[in-house]
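Student: My structure is below; once you've seen it, I'll send some questions.
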Amino acid sequence: MVYSDTSTKLGIVEEIDFILGTDSTSYPTAQKTRNINNWYNRVASLIMRADSRWEWDDNNQTDLPIATTDLVSNQQDYNISGSSFLNILKVEAKDQNGNWVALYPISLDDKRSESMTDYKKTAGTPNEYDKLSNSIFLYPKPSYASTGGLKVFYQRNVVLFTASDTTKVPGFAENFHRILSYGAAYDYCIAYGLNTRIPLLRDEISKLEEGIIAFYSSR
């Protein structure tokens, strides 16, 4: 389903108005867009929880969710700039011979009895990594430099709609696009006390959420 189509009335925006009997004055497009995007983020969270093997990415993304940066000799902390991580899937680093090595994830909880400052402090070939904010910490830090020698596979947020979008479609399975229009209509009903409509919309949303979880967990 496209975001908006004023000629055919088949877009998400137009379906919201059909459900509620609203228009661009009583429910401005900017407000619809805000609520649609909130539900879009909710759908992404549902998919990522259910999608254990496919590793879903929004179809509207124009590149792969893989970030690459250089390994710097004796540098432990690597900020992956320009990448917004929701989930790190895998980290790889090149060894001194240029071969890719999969790194094992660790956390501070794993090393409660050890000083992370002293942990594997002698430079060598990285074999573990820890995550902090948008940074990757390598253990041990590399004793060599390697161009493009650190690779991060990750999951990221959706490509949100803008109020001026028209033909753009949500980046998940088309069978479930209506959850965005139902969700934005639900928000409107809560805001304006349209209590008789809330249970029906909530029921339809629950069915769609169950369908999303079932679909993405079985792919």
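The values are calculated or read from the model by the stated rules, or taken from the named source; none is laboratory data. Values in this document were obtained by computation on a predicted structure and should not be read as measured data. No Cβ is skipped: glycine too gets one built from the backbone with ideal geometry, and neighbour counts run over all protein chains shown. Note: areas computed on protein heavy atoms with side chains; ligands, DNA, RNA excluded. Shrake-Rupley method; radii C 1.70, N 1.55, O 1.52, S 1.80 Å.
Student: When the residues of the range 21-45 are filtered to those that are surrounded by fewer than 19 Cβ atoms within 10 Å (Cβ to Cβ) and under 24 Å from Gly211 (Cβ atoms), which remaining residue is modelled with the lowest pLDDT?
Tutor: Ser45
Student: When both residues are 6+ apart or on different chains and their Cβ atoms are under 6 Å apart, which pairs have a first residue that lies in the range 1-23 and is without any contact (Cβ under 8 Å) to a residue 24 or more places away in the chain, and a second that is open to solvent by 40 Å² or more (accessible area, probe 1.4 Å) and acidic (Asp, Glu)?
Tutor: What qualifies is Asp17/Asp23.
Student: Turning to a different aspect of this structure: Quick one: Gly149 ticks every box in (1) in contact with a strand residue (DSSP E or B) (Cβ under 8 Å, 6 or more places away or on another chain); (2) at pLDDT below 95 except a single one, so which number is it?
Tutor: It is condition (2) that Gly149 fails.
Student: While we're here: Contact list please: Cβ distance under 6 Å, first residue in the range 179-205 and at negative phi, second residue open to solvent by 70 Å² or more (accessible area, probe 1.4 Å), pairs at least six apart or on different chains.
Tutor: Cys189/Arg197
Student: Of everything in the range 104-118 that's part of a loop (DSSP other than H, G, I, E, B) and either open to solvent by less than 20 Å² (accessible area, probe 1.4 Å) or not basic (Lys, Arg) (or both), which residue is farthest from Asp70 (Cα to Cα)?
Tutor: Ser113
Student: What are the residue pairs meeting all of these: first residue in the range 160-174, first residue open to solvent by 60 Å² or more (accessible area, probe 1.4 Å), second residue in a loop (DSSP other than H, G, I, E, B), Cβ atoms under 6 Å, and 6 or more apart or on different chains?
Tutor: Close Cβ pairs satisfying both conditions: Thr166/Ser4; Thr167/Val2.
Student: Which one is nearest to Asp118 (Cα to Cα), of the residues in the range 53-73 that are in contact with a Ser or Thr (Cβ under 7 Å, 6 or more places away or on another chain) and either modelled with pLDDT of 90 or more or open to solvent by 30 Å² or more (accessible area, probe 1.4 Å) (or both)?
Tutor: Among those that are in contact with a Ser or Thr (Cβ under 7 Å, 6 or more places away or on another chain) and either modelled with pLDDT of 90 or more or open to solvent by 30 Å² or more (accessible area, probe 1.4 Å) (or both), it is Ser73.
Student: Only one of (1) out of contact with any helix residue (DSSP H, G or I) (no Cβ under 8 Å at 6 or more places or on another chain); (2) crowded, with 18+ Cβ neighbours inside 10 Å; (3) more than 30 Å from Leu180 (Cβ to Cβ) fails for Asp130. Which number is that?
Tutor: Tallying (1) out of contact with any helix residue (DSSP H, G or I) (no Cβ under 8 Å at 6 or more places or on another chain); (2) crowded, with 18+ Cβ neighbours inside 10 Å; (3) more than 30 Å from Leu180 (Cβ to Cβ), Asp130 fails exactly one: (1).
Student: How about the range 124-149: which of its residues are over 14 Å from Tyr78 (Cβ atoms) and out of contact with any Leu (no Cβ under 9 Å at 6 or more places or on another chain)?
Tutor: Matches in the range 124-149: Gly124, Thr125, Ser143.
Student: Additional query: Kindly check whether there is at least one residue in the range 136-150 that is open to solvent by less than 20 Å² (accessible area, probe 1.4 Å) and under 22 Å from the mean Cα position of the chain (by Cα).
Tutor: Yes, because at least one residue in the range 136-150 is open to solvent by less than 20 Å² (accessible area, probe 1.4 Å) and under 22 Å from the mean Cα position of the chain (by Cα).
Student: Val101 - would you say it is modelled with pLDDT under 90, of a type in the set (Val, Ile, Thr) and either in a strand (DSSP E or B) or closer than 14 Å to Ile36 by Cα (or both)?
Tutor: For Val101, the condition - modelled with pLDDT under 90, of a type in the set (Val, Ile, Thr) and either in a strand (DSSP E or B) or closer than 14 Å to Ile36 by Cα (or both) - is not met.
Student: Under the condition of being of a type outside the set (D, E, K, R) and out of contact with any Ser or Thr (no Cβ under 9 Å at 6 or more places or on another chain), which residue from the range 6-20 is least open to solvent (accessible area, probe 1.4 Å)?
Tutor: So the residue we want is Thr8.
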